[in-house]
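Beneath this line is the structure, given in structure tokens, with notes to follow.
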Amino acid sequence: MEEVCKFLKEAGTYFLATCDGDSPRVRPFGTAHIFENRLYIQTGKSKEVSKQIAKNPKVEICAFKDGKWLRLSGELCDDDRREARVSMLDAYPELRSMYDPDDGNTQVLYFKNAKAVFSSFTEAPKTVEF
């Protein structure tokens, strides 16, 4: 899990895919944080992505850096605890201009049943599950 988080942070921007009915939706994200031995991402509850995850928590992330890519699939689970939101915002203080742990909008989600596959054109794929 630490290797996955490190890759996502070093990539800077990754793309999160969700389902909207029978249509895929992909958008850029930039948060990856380990809290209490779980990998978290962050969004706003008012966003469509939050509503899509609530309807179908199965998602996939794709990130690319230095000729290698990561595909991370799994289910996202909402963690509505204040301490989880605070931990994320402490890790990404630049988000505090848009989010606050007590604003009713900040949402942190963690992966369960996660499968990460690291790939490149020159190396055999490596799989990590958590």
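The values are calculated or read from the model by the stated rules, or taken from the named source; none is laboratory data. Here the structure is a predicted model, which is why all the values come from computation and not from measurement. Neighbour counts run over all protein chains shown; Cβ positions are idealised from the backbone, glycine included. These accessible areas exclude ligands, DNA and RNA; they are computed on the full protein's heavy atoms, side chains included. Shrake-Rupley method; radii C 1.70, N 1.55, O 1.52, S 1.80 Å.
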### Summary
Length gained if Glu129 through Asp22 is fully extended, taking 0.36 nm per residue and subtracting the Cα-Cα distance, is 35.8 nm
### Query
Considering lysine pairs in the chain that are 8 or more places apart or on different chains, how many have Cα atoms under 20 Å apart?
25
### Message
Compute the helix-to-body angle for 82-91: its Cα long axis versus the longest principal axis of the chain, expressed 0 to 90° and rounded to tens.
### Response
60 degrees
## Note on the structure
Given the candidates Ser73, Gln107, Leu89, the one whose Cα lies deepest towards the positive end of the charge dipole of the stretch 66-112, counting +1 at each Lys or Arg C-beta and -1 at each Asp or Glu C-beta, is Ser73
### Accessible solvent surface per residue of the chain, calculated while the other protein chains remain in place, 1.4 angstrom probe, Å²
55 Å²
#### Entry: Calculated FRET efficiency for the pair Phe29/Cys77, C-beta based, R₀ 25 Å, to 0.05
0.95
### Task
Measure off, as a whole percent, the carbon and sulfur share of the 1.4 Å-probe accessible area of the stretch 4-130, all protein chains present.
51 percent
### Summary
With +1 at each Lys and Arg Cβ and -1 at each Asp and Glu Cβ, the charge dipole magnitude of the chain around its Cα centre, to the nearest 20 debye, comes out at 280 debye
